[in-house]
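Following: one structure in structure tokens, then a few remarks.
Every number here is computed from the coordinates shown, using simple stated rules; none is lab data. Keep in mind that this is a model prediction, so the values were computed, not measured. Cβ placement follows ideal geometry from the backbone for every residue including glycine, while neighbour counts extend to all protein chains displayed.
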Amino acid sequence: MTGPIEPYLKYGVICEQVLAEKDDVLSLIRIVDKFTITITGKEPPDQLPEVTKVMTIVMCWAGGLGTHEATFNIQAPGGETQPSPQSWSFNLDALNRSHSIIVRGLPVRIPTQGVYWIQFVLNGEVKSRIPFQVVYQRQKLHE
């Protein structure tokens, strides 16, 4: 086969840690889809104030040929979209090859609790998406 063939998203996850071994095998540690943010105090706010959550996002593209460009967006419950901090260009030279992109230490703005979506984008088009939930928990300290 010749010419570019668009790959598919083999996996896209949020995890706590990624081990990249010498033989190019990845170990994804603690894949998560829910974050609980707890604020403790005498009068914790009724609503979650805007916070920043640091995440690791991994995406793997496979089954294609040619050069492609991947990004992702994070969509908040209200529809606001945080664009990817950069794009990643990669080349697949055989249909049985894959390319993993690991984004460590990504600061994500969390303006409210609710369900967020990570949109995985290939060559400018959203190809897949995964949800993650943010739950706000108040912990009131008694005097």
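Of note:
- Selection count where residues are within 26 Å of Leu141 (Cβ to Cβ) and either over 14 Å from the mean Cα position of the chain (by Cα) or not basic (Lys, Arg) (or both), scope the stretch 27-53: 18
- Residues of the stretch 82-112 classified as within 15 Å of Ile57 (Cβ to Cβ) and part of a strand (DSSP E or B), total: 15
- Check on Val126, touching a residue at least 12 places away in the same chain (Cβ under 8 Å), touching a Ser or Thr at 6+ places or on another chain (Cβ under 8 Å), part of a strand (DSSP E or B) and aliphatic (A, V, I, L, M): no
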